[in-house]
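The values are calculated or read from the model by the stated rules, or taken from the named source; none is laboratory data. All of these numbers come straight from a predicted model, not from anything done at the bench. Here the Cβ positions follow ideal geometry from the backbone for every residue, glycine too, while neighbour counts run over all protein chains shown.
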There are 2 protein chains.
Amino acid sequence: MTPPDAHRPPAALARPPALRAGDRVAVLSVSSPAPAAQLAIGLDVLRFAGLDPVVYPSATDRGSMRRYLAGDDRMRAADLRSALTDPGIAGVIFATGGSGAQRTLEAMDWDGIAGLPPKVLAGYSDVTAVLEAVAGKLGWASLLSPMVVSSGAAIHYSFASMLRTLMHPERATEIRYPAATPLAGGAARGVTLGGNLTLLTSSLGTDTSRPARGGILLVEEENEQDYRLDRMLTQLRRSGYLDGVAGIVAGTFTGCGEPAAVEEILAERLGGLGVPMIAWANVGHGGYFQTFPVGVAAELDADAATLRLLEPPLLPAPEALGG
Amino acid sequence: MTPPDAHRPPAALARPPALRAGDRVAVLSVSSPAPAAQLAIGLDVLRFAGLDPVVYPSATDRGSMRRYLAGDDRMRAADLRSALTDPGIAGVIFATGGSGAQRTLEAMDWDGIAGLPPKVLAGYSDVTAVLEAVAGKLGWASLLSPMVVSSGAAIHYSFASMLRTLMHPERATEIRYPAATPLAGGAARGVTLGGNLTLLTSSLGTDTSRPARGGILLVEEENEQDYRLDRMLTQLRRSGYLDGVAGIVAGTFTGCGEPAAVEEILAERLGGLGVPMIAWANVGHGGYFQTFPVGVAAELDADAATLRLLEPPLLPAPEALGG
């Protein structure tokens, strides 16, 4: 017999407070080394916005253990734990992605963190795995957003969207995706989740994977061939990850081949789920990136290509000292 | 309390009979389309060995649904089911690999097959997923081996090894790996399993994944970068797939970067398991390929770089009619 709550959608996650000018934010890497020059530029952008970035050792390691890893697993996990437990740190904006987040999770000590007040974490790509773990282990909402090291012609757009969501979340609840097209019409409510397709599949079978039941699922990818997209979506299907998903937002699939071919694979592998779905939302790699909050109750309207958050993605910032 | 048999190694799987001259063998694809000219050459090689290849529709489909898929899922699954259930077919030698095996498994109807006499299946690469499923769903041993479409300077060597194992299994129990080096010394007994690293990880979380506990695990790969090897091995670690593995045979890692870097990643990600391990066994993509039986009790001697099967990988062929 199916237990009575087996099909109940998950509740929204605990929302951390917004950031405000003067807040100290941790900049660290759970993944690959951050290029120094780009890091310096991104730090200045955070400072221009009034934030006070605190640079952790993993953000400046040049690949001391292996070329694609910032520091060793212990350093990255210690930086993350320190940022989450230090009461003087208001949030975490990841330095960069790359590879190594699952190694960091393997080394991570979560003990005691779930009892602390939530703080915001912002990143994407390889960081998908950490946001997923934070949702599952701590029950915290977070942001799929650009990171300190970013590039591209539209990076001002991407940073502006991230900073609005981080610092003025009450203005970030109505999200329009002008480039998106519906692959399956209709509207659906659910709690947002997801991120990079490779990372979502690379956590399947582990204790940090968090199935999509009841959720509005974001998937995006970069530089993966058609048959790999197909294989990953097939693994999500076969593993039960997609069972009961409420709606799907397919973001950017940059460098993944012809858009028509990508769209055909998305429609064929996900269409059978019978839920509202849009493609080409501007979330993810390769261009102008609208921050996508994770763990927030939302309504996807596929026909209008909009995502309406039912509440602001972050709580109001506490009153400034002496404010 | 740990149940008393939680750490008992798995039993060897049911061994199918060897093939003999005159046997009809199914040639089909569960994956990508097979190039026609190479298929024809491979079929002739099987005929030279005295076998009678029966070509199924999936082996000649040119990508009618999608360029990287032989036929559609239903065709591939129907071909596989037909070959396994037809009493006039003695075994299956897969036409080619590529991509699509997990889709085939999703469409596959296993009903009733487990009650039939086992027959041998031979293939590798994408077919890893099917051999894993056959082991888990049916309890049958099989062969990681070249396929009908193969190429390379050493293909005569690879085919000769496969045909010896298929037709004279009693002569295929002492396997030496002349190019291999021990990464961790010692000897271990277990039941063989494994195959292509991407495919083993791509089945994690699904009902056809079969953990390595008690096993001698073969892993090999082609054309994957260092950080991807790392991520896949990390997923095998984090998912519990490697818990209780008895020994590891790392095969070829062709096009995966500098051998020293590959070896370092294998040693670092797998060394902590504390089991005998060799690298560069000639099993897998990229050259001369010794057939690796799956599901057979074996002893790995890492110092000597040998794998000794404790029994022949296939049962003796039944007496020929009128023989």
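The table that follows gives values for the structure above.
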{"quantity": "Odd one out for A:A298 among (1) over 25 Å from A:M232 (Cα atoms); (2) outside any strand (DSSP E or B)", "calculated": "(2)"}
{"quantity": "Residues of segment A:292-317 satisfying the condition of being buried (at least 24 other Cβ atoms within 10 Å of the Cβ) and closer than 21 Å to A:M167 by Cβ", "calculated": "A:F292, A:P293, A:V294, A:G295, A:V296, A:A298, A:L307, A:P313, A:L314"}
{"quantity": "Selection status of A:D243, assigned by TED's automatic domain parsing to the domain that holds A:A281, modelled with pLDDT of 95 or more and assigned to a helix (DSSP H, G or I)", "calculated": "no"}
{"quantity": "Output for segment B:57-92, where each listed residue is surrounded by fewer than 21 Cβ atoms within 10 Å (Cβ to Cβ), in contact (Cβ under 8 Å) with a residue 60 or more places away in the chain and in contact with a helix residue (DSSP H, G or I) (Cβ under 6 Å, 6 or more places away or on another chain)", "calculated": "B:I89"}
{"quantity": "B:Y124 more than 19 Å from the chain's Cα centre (by Cα) and either at pLDDT 95 or above or under 30 Å from B:G274 (Cα atoms) (or both)", "calculated": "no"}
{"quantity": "Count of segment B:41-70 residues which are within 14 Å of another protein chain (Cβ to nearest Cβ) and on the phi > 0 side of the Ramachandran plot", "calculated": "1"}
{"quantity": "Identity of the residue in segment B:14-46, assigned to a loop (DSSP other than H, G, I, E, B) and in contact with a strand residue (DSSP E or B) (Cβ under 6 Å, 6 or more places away or on another chain), that ends up surrounded by the fewest Cβ atoms within 10 Å (Cβ to Cβ)", "calculated": "B:R15"}
{"quantity": "Residue in segment A:222-231 that is of a type in the set (F, W, Y) and either facing chain B (nearest Cβ under 8 Å) or touching a residue at least 40 places away in the same chain (Cβ under 8 Å) (or both) present", "calculated": "yes"}
{"quantity": "Out of A:A114, A:A135, sole residue that is within 19 Å of A:L309 (Cβ to Cβ) and in contact (Cβ under 8 Å) with a residue 12 or more places away in the chain", "calculated": "A:A135"}
{"quantity": "Selected residue (criterion: farthest from the other protein chains (Cβ to nearest Cβ)) from residues of segment A:240-256 that are surrounded by fewer than 21 Cβ atoms within 10 Å (Cβ to Cβ) and under 20 Å from A:S209 (Cβ atoms)", "calculated": "A:G244"}
{"quantity": "Any chance B:R189 is within 14 Å of chain A (Cβ to nearest Cβ) and among the charged types (D, E, K, R)", "calculated": "no"}
{"quantity": "Test: residue in segment B:43-59 that is among the small types (G, A, S) and modelled with pLDDT under 95", "calculated": "yes"}
{"quantity": "Options B:A188, B:A154, B:A212; residue that is touching a residue at least 12 places away in the same chain (Cβ under 8 Å) and buried (at least 24 other Cβ atoms within 10 Å of the Cβ)", "calculated": "B:A212"}
{"quantity": "Whichever residue in segment B:265-323 is modelled with pLDDT of 95 or more and acidic (D, E) and, among such residues, is farthest from A:M65 (Cα to Cα)", "calculated": "B:E311"}
{"quantity": "Test: residue in segment B:114-126 that is within 30 Å of B:Q225 (Cα to Cα) and surrounded by fewer than 20 Cβ atoms within 10 Å (Cβ to Cβ)", "calculated": "no"}
